[in-house]
Amino acid sequence: MSINGVNLAFRTGYPASIGFSKKEPIDEPTLNFINWRYKETIELLEHLEGLSYIDRSRINSACDFGAGCGGPTRAVKSFFDLEDNNIIALENNRKNAEVIINSDILPNSSVIIGNGIEYLQKGERKFDLITACMFGSDLNIYSLFDRNRSTPDLTVEFLKGAAKSLNENGKIIIFSDPVTIGKVKMFCKDQKAKKNLDYICIEPPGIFISPNGIYEYGTDPGVVIITEIDPDKIDTHI
Ligand SMILES: C[S@@+](CC[C@H](N)C(=O)[O-])C[C@H]1O[C@@H](n2cnc3c(N)ncnc32)[C@H](O)[C@@H]1O
């Protein structure tokens with residue numbers, strides 16, 4: 001939807017690429033933050049590759065859900081050597097999405113502003129990889145997957161959506177804090193028992209110290225890789 005050439009994707013949620021062309025300079029703290037998130041994600045991907053959980057040669061398209069300012073998006077793009085038209089970032093915060101574009105991580109056409117879950121649930125585009133990085137206790141932000149929040153079934157809704165937008169043999173990687181990962185693991189364990197999905201859970205390397213020195217992610221962050229998932233079977237309740 002557009003009025004006077006201004007894309008109202010943020011309001012409508014989907015579809016969207018943002019309709020602005022002027023590039024704003026990125027301030028130094030934001031750049032540092034992007035670089036930090038980039039480095040963390042690259043280290044994670046290298047670790048997963050070292051354990052043979054991912055294979056660069058099999059990933060030709062990717063979607064980064066809840067991309068934030070784009071550090072992990074940039075990591076996924078460069079690690080798998082993806083062209084701009086083979087990767088998208090889903091981000092519902094317009095300011096964050098603008099940073100992704102203004103810092104040249106991705107062009108307008110590859111950044112979708114709005115509810116990424118709604119986008120994924122449409123299943124209009126399929127990806128070899130869907131990433132969801134650090135939806136956790138990011139300073140004062142509580143876990144996106146926390147069932148006590150206003151969107152209690154976000155884990156389920158995200159996975160149902162992601163399943164619809166995955167290629168055959170596609171994978172979903174969720175990398176987050178202990179609370180978030182604990183909930184994802186609990187859900188996946190139940191769904192695996194019902195043969196609705198298969199997954200691997202591992203500890204990532206290193207510890208997580210933010211640029212300002214705050215130890216953000218508790219003692220036990222983790223990674224869940226969904227290796228198989230049936231979008232028609234995932235249960236809403238565990
Ligand atoms: C904790 S931040 C993580 C950002 C980034 N993945 C990283 O690791 O640096 C979570 C991000 O998810 C975005 N987000 C939350 N719910 C979303 C949704 N339903 N669709 C798209 N983005 C969402 C938020 O705006 C926020 O930028």
Given backbone amide H placed at 1.01 Å from N, residues whose amide H is under 5 Å from that of Ser61, ignoring those fewer than 5 places away on the same chain, are Asp128, Leu129
Give the aspartates and glutamates whose C-alpha is closer than 16 Å to that of Lys194, dropping any in the same chain fewer than 8 places away, or say none. Glu228, Asp230, Asp232, Asp235
Work out how far the C-alpha atoms of region 52-137 reach from end to end along every principal axis, then list the three figures in whole Å, largest first. 35, 30, 28
Which order, highest average first, do 157-169, 25-37 follow once you tally other Cβ atoms within 10 Å for each residue and take the mean per peptide? 157-169, 25-37
Pop out the ³J(HN,Hα) list for region 41-56 in order, Karplus 6.51 cos²θ - 1.76 cosθ + 1.60 with θ = phi - 60°, rounded to Hz; leave Gly and Pro as x. 6, 4, 4, 5, 5, 4, 4, 5, 5, x, 8, 6, 8, 9, 10, 3
Give Lys160/Lys192; Lys126/Lys192; Lys39/Lys160; Lys122/Lys233 a once-over and call out the pairs whose C-alpha atoms are over 18 Å from each other. Lys126/Lys192; Lys39/Lys160
With θ set to phi - 60° and the Karplus curve 6.51 cos²θ - 1.76 cosθ + 1.60, what are the ³J(HN,Hα) couplings of region 118-126 in order, to the nearest whole Hz, using x for Gly and Pro? 4, 4, 5, 5, 5, x, 6, 10, 10
Tyr199's amide H: which non-local residues (gap 5+, or another chain) put their own amide H closer than 5 Å, with H modeled 1.01 Å from N in plane and none for Pro or chain starts? Thr227
Which net charge results when you count Lys and Arg as +1 and Asp and Glu as -1 among the other residues whose beta-carbon is under 14 Å from that of Asp232? +2
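Read the figures in this text as sums done on the coordinates, not as results from a lab. Model, not experiment: these values are computed from the prediction. Counting neighbours? That spans all protein chains shown, and the Cβs are built from the backbone with ideal geometry, glycine included.
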